[in-house]
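Notes follow the structure.
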Amino acid sequence: MSIVGIEALDFGVEDLEVGKRFVTDFGLSQVSDTAFETLNGARLNLAPIDDPALPPAFESGSTLRRMTWGAADAEALETLKKRLADQPGYVDRGDHIECQDPNGMTVAIRVDSLRGVELDVTPINQYGDMRRVDQPSPVYERATPVGIGHAVFFVDDLEATEAFYRDRLGFAVSDRYTDRAVFLRMQARGGHHNLFLLKLPHRGAGLNHVAFTVRDIHEVIGGGLAMNRKQWSTFLGPGRHPISSAYFWYVNSPLGGAFEYYTNEDYLTEAWEPREMQHSLESFTEWAVEGGIDAETRRQKKAEA
């Protein structure tokens, strides 16, 4: 497969200062006035919503304007140039290319530049598999995302958008909700999904959320609680998706959509057979806390009267 990572997300935002504070609180490192990094070097770039350097928006308000993927090497990039040359908005800038996908999102591709990250992740003990000995599990005061794991888009034309990523970029189908959504991963061997395309009645193209990988379930909780202490509201979480096995916590974002901490997703190979199922609450969420957990009481956060 040609695509091996998510390199960058470029947002156009209505309130730049609020946006910068949110991203810093979320746990990314600030590398310039409007650029932030995960541990593996994936970038999140912010710009004013009316910045002429940004590509066109696929929805109104603050939202994602460009998503940059990493190609495995220069040869893979050259192959993708040929595959995408006839796509709307195609431009070859030498070291990277850009075009629009069928959903109106600007897609950029450059040679992969992400850093390898080695972390000391404390094992989890399960029945018959005791790996953590004489050592407590960690408690995190905040999260430090390792990388950008996936993005979720609302789409107008599910079939055409899926075909673009599957046939042009080489993505593999992981699972599918009949006539509603598809989970796609960059490579045959990898995490459950790097892209989730969702078609809903009466909802046009737009951003649902972007997701950031963290070490373990404890960092998911620590990150969510830290955002709660900073007065950022929870969309949903903590919780668990049975379709990918991932633990999650979604925080409402002033950049558009939501930002997700997640961990423990399924790892798939060529042997995996995509499942097709009906979209339902049970298939999407095994369990979840609505509104998050209050950082002071460590109990479910109650809605204000």
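The values are calculated or read from the model by the stated rules, or taken from the named source; none is laboratory data. Please read these numbers as outputs of a predicted model, since none were measured by experiment. All Cβ positions, even for glycine, are placed from backbone atoms using ideal geometry, and neighbour counts span all protein chains on display. Just the protein is used for accessible areas: all its heavy atoms, side chains included, with ligands, DNA and RNA removed. Shrake-Rupley method; radii C 1.70, N 1.55, O 1.52, S 1.80 Å.
Report the calculated FRET efficiency for LEU200 and ASP134 (r = Cβ-Cβ distance, R0 = 45 Å), to the nearest 0.05.
Numbers: r = 50 Å, r/R0 = 1.10.
Efficiency for this residue pair is about 0.35.
Let me make sure I get this right: for the range 94-158, a, b and c are the square roots of the gyration tensor eigenvalues over alpha carbons, sorted descending. Under 1.5 in a/c it's rounded, otherwise prolate if a/b > b/c, else oblate. Which is it? Mind dumping the intermediate values first?
Working: a/c = 3.40, a/b = 2.23, b/c = 1.53.
Prolate is the answer for the range 94-158, as a/c is 1.5 or above and a/b outweighs b/c.
Kindly give Rg over Rh for the range 53-98, based on alpha-carbon atoms, with the Kirkwood expression for the hydrodynamic radius.
On the way: Rg = 12.5 Å, Rh = 12.2 Å.
We get a ratio of 1.02 for the range 53-98.
I'd like to know which of SER32, PRO48, ALA143 lies farthest towards the positive end of the charge dipole of the range 1-158, counting +1 on Cβ of Lys and Arg and -1 on Cβ of Asp and Glu.
ALA143
Can you pull the three principal axis extents for the Cα set of the range 39-137, in Å, largest first?
57, 37, 22
Quick one: dipole size for the chain, taken about the Cα centre, charges +1 on Lys/Arg Cβ and -1 on Asp/Glu Cβ, in debye to the nearest 20. If you can, show how the numbers build up before the last one.
Values: 31 positive and 46 negative charges, 91 e Å.
Using Cβ point charges on Lys, Arg, Asp and Glu, the chain gives about 440 debye.
How far apart, in nm, are the 7 Å Cα→Cβ label points at GLU270 and ALA163?
Once both label points are built, they end up 2.7 nm from each other.
Enter the mean projected area of the convex hull around the alpha-carbon atoms of the range 120-194, in nm², rounded to one decimal. Write down the numbers at each step before the final one.
On the way: hull surface 32.8 nm².
The orientation-averaged projected area of the Cα hull of the range 120-194 comes to 8.2 nm².
For the range 185-305, take the convex hull of the Cα atoms, compute a quarter of its surface area, and give me that in nm², please. Numbers along the way, then the final one.
Working: hull surface 35.8 nm².
Average of the hull's projected areas for the range 185-305 equals 9.0 nm².
Count charges around ALA163 for me, please; just the other residues with Cβ under 11 Å from its Cβ, Lys/Arg as +1, Asp/Glu as -1.
Values: positive: ARG166, ARG168; negative: ASP101, ASP157, GLU159, GLU162, ASP167.
Combined, the nearby Lys, Arg, Asp and Glu give -3.
For q = 0.08, 0.11 Å⁻¹, what log10 I(q)/I(0) does the chain give under the Debye formula with an equal point scatterer on each alpha carbon and no solvent?
Each listed q maps to, in turn, -0.34, -0.67.
DSSP beta bridges in the range 157-305, what fraction antiparallel, as a percent rounded to 5?
Numbers: 25 of 33 bridges.
Of all bridge pairs located within the range 157-305, approximately 75 percent are antiparallel.
Would you work out the charge dipole size for the range 1-139 about its Cα centre, treating the Cβ of every Lys and Arg as +1 and the Cβ of every Asp and Glu as -1, and quote it to the nearest 20 debye? Each step should come with its number before you reach the end.
Working: 13 positive and 24 negative charges, 47 e Å.
The calculation lands at about 220 debye.
Provide the net charge surrounding PRO123, with neighbours chosen by a C-beta distance below 15 Å and charges set as Lys +1, Arg +1, Asp -1, Glu -1. Each step should come with its number before you reach the end.
Numbers: positive: ARG131, ARG132, ARG215; negative: ASP120, ASP129, ASP134, ASP216, GLU219.
Within the 15 Å Cβ shell, the charges total -2.
Could you state the angle between the C-alpha long axis of helix 74-84 and the longest principal axis of the C-alpha atoms of the chain, as a value from 0 to 90 degrees rounded to the nearest 10?
70
Where does each of GLU98, GLU159 land when they are ordered by accessible area, with a 1.4 Å probe and the largest first? Write down the numbers at each step before the final one.
Numbers: GLU98 20, GLU159 150 Å².
Greatest to least solvent exposure: GLU159, GLU98.
What order, most packed first, do the peptides 126-132, 243-249 have when packing is the mean number of other Cβ atoms within 10 Å of each residue?
Packing order, densest peptide first, comes out as 243-249, 126-132.
I need the shape label for the range 162-232. Rule: rounded when a/c is under 1.5, else prolate if a/b > b/c, else oblate, with a, b, c from the alpha carbon gyration tensor. Please report the intermediate quantities before stating the final value.
Working: a/c = 2.85, a/b = 1.56, b/c = 1.83.
The shape class here is oblate.
Which value, in debye to the nearest 20, describes the size of the charge dipole of the range 29-71 about its Cα centre when Lys and Arg Cβ atoms bear +1, Asp and Glu Cβ atoms bear -1, and nothing else is charged? Let's see the in-between values first.
Details: 3 positive and 5 negative charges, 33 e Å.
Here the range 29-71 has a charge dipole of around 160 debye.
What number, rounded to the nearest 500 deg cm²/dmol, is the helix-based mean residue ellipticity at 222 nm of the chain, given -39500 (n - 2.57) per DSSP H run of at least four residues and division by all its residues?
Working: 5 runs with 45 residues, N = 305.
Result for the chain, helices only: -4000 deg cm²/dmol.
So what's Rg/Rh here for the range 1-84, counting alpha carbon atoms and using the Kirkwood radius for Rh? Intermediate values should be presented prior to the final figure.
Numbers: Rg = 14.5 Å, Rh = 14.0 Å.
Rg/Rh: 1.03.
Explain nothing, just compute: Karplus ³J(HN,Hα) = 6.51 cos²θ - 1.76 cosθ + 1.60, θ = phi - 60°, for every residue of the range 258-268 in order, whole Hz, x for Gly and Pro.
My calculation for the range 258-268 gives 9, 10, 10, 8, 8, 7, 6, 6, 5, 10, 10 Hz in order.
Of all beta bridges DSSP finds with both residues in the range 1-143, what is the antiparallel percent, to the nearest 5?
Details: 21 of 33 bridges.
In the range 1-143, DSSP labels about 65 percent of beta bridges as antiparallel.
Over all pairs of distinct alpha carbons, what does the Kirkwood formula give as the hydrodynamic radius of the range 221-287, in Å?
On the way: mean 1/r = 0.0749 Å⁻¹.
Hydrodynamic radius (Kirkwood, Cα only) of the range 221-287 equals 13.4 Å.
Please report the net charge: other residues with Cβ closer than 14 Å to the Cβ of GLY12, K and R +1, D and E -1.
My count for the surroundings of GLY12 gives -3.
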